[in-house]
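Chemist: Once you've had a glance at the structure underneath, I'll fire off some questions.
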Amino acid sequence: MTSDNSPGQSTIAINRPMVSIVIPAFNEQDLVRESMMTVIRTMEGLENEYRWELILIDDGSADETAAEAEKAAAGRDNVQVRRHPINFRMGQALRTGFRASRGDIVIVLDIDLSFGPEHIKPMLDKMKTSHAKIVIASPYMKGGHSTCVPWFRHVLSVWANRFLCRMATKDFFSDRLTSITTMARAYNGPFIRALSLWAMDVDINSEIINKAKLLRARIVEIPAHLDWTIRLRGGARFQGRRSSTRILRGIIQSLVSGFMFRPFMFYLGPGFFLFFLSGYPLIWGMIHSIRQYSQLSGQSLAWDDRISQAVGLAFKVSPHSFILGGILLLVAIQFISLGLLALQKKRYFIELFYIGSMIYQECVPEERRQSSASDPYPGI
């Protein structure tokens, strides 16, 4: 049998892909240690296939989250705890984790494990077989499901994701993805570390999808189980997920994310709607003006004078039709004009983003370039 220090064993270890598990946490002292140990046990069961590391980001917790996390990390060189001095929120926590990661694949999980560690292996397998840059664990695709999620939150999440998926796809009438807000994902390590991100809150998940699509990165999904079941931990009861996201804020963030995906649709859609809506009163006014013109045809008036009088008589009969139709038409023209400008700006942004990404790739450190060159699962 080959010893652990033999050349053959070392070669096998080097050839195994590196997996980084990134978990952000904020004020989760009651469950952080157990959640970390659950993930650690899962990854230890995959050590024949992967090398791994676990990075816990304590995002400025005011309780003992960091201390409990350090207990789970004690004696393990591949488990580390990164601390923020204040609460920077989800976006910054994930960026810290991405920068600290060394993995060929980076997996992000919720600290409450509402998407359990049993999703890690399927996401890794999907990365290997699909050559995707991002694999999303989706409870909304065929084969996925959710447990104990409040009805209103479930409906809101489903429709928010449908809306964002419509906005994110190139063809507005196609819906290739089913979940964009889900945080449980596997990323191509060199790709996610090279992606320029700025969102500070949970909208970073939508930003990643948006920018990945701009770069024509392949994104796939696997069916997942979203579990909000109340669990027993150390004799105490804990909600499977204690989301700090307010419903109203979630709705606003979904709309903002949709706007970032396709800003021109927020103008062109209402613009064309108002344009067609203005047609009814304006057509009515035109028809009555024609009728008045025909009644004035026997008078000895020039044709342009008859047109003016006909329009005036029609206006006296129903002035609100002319006023309402004119206002709707002007507003529609404004919206359509803004939509065309937004479309042009979006195309400029795509071009600049491509150029910026190319420059960034040229400026990354040598070890990052080597990591990209040795990417075991290159994307399409």
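Chemist: If one computes the Cα centroid of segment 306-322 and of segment 85-143, what distance in Å separates the two points?
Modeler: Value for the Cα centre distance between the two parts: 65 Å.
Chemist: Now for a different question. Can you list the residues, at least 5 places off or on another chain, whose amide H is less than 5 Å from the amide H of E221, using H built in the peptide plane?
Modeler: I136
Chemist: Amide H neighbours of V22 under 5 Å, counting only residues 5+ apart in sequence or on other chains, H built in-plane at 1.01 Å?
Modeler: Amide H neighbours of V22: I55, I107, V108, L109.
Chemist: Can you list residues from other chains, or at least 5 along the same chain, whose modelled amide H is less than 5 Å from the amide H of L226?
Modeler: Long-range HN contacts for L226: H145, S146, T147.
Just so you know, all these numbers are worked out from the coordinates, no wet-lab data involved. For clarity, every value in this text was computed on a predicted model and none was experimentally measured.
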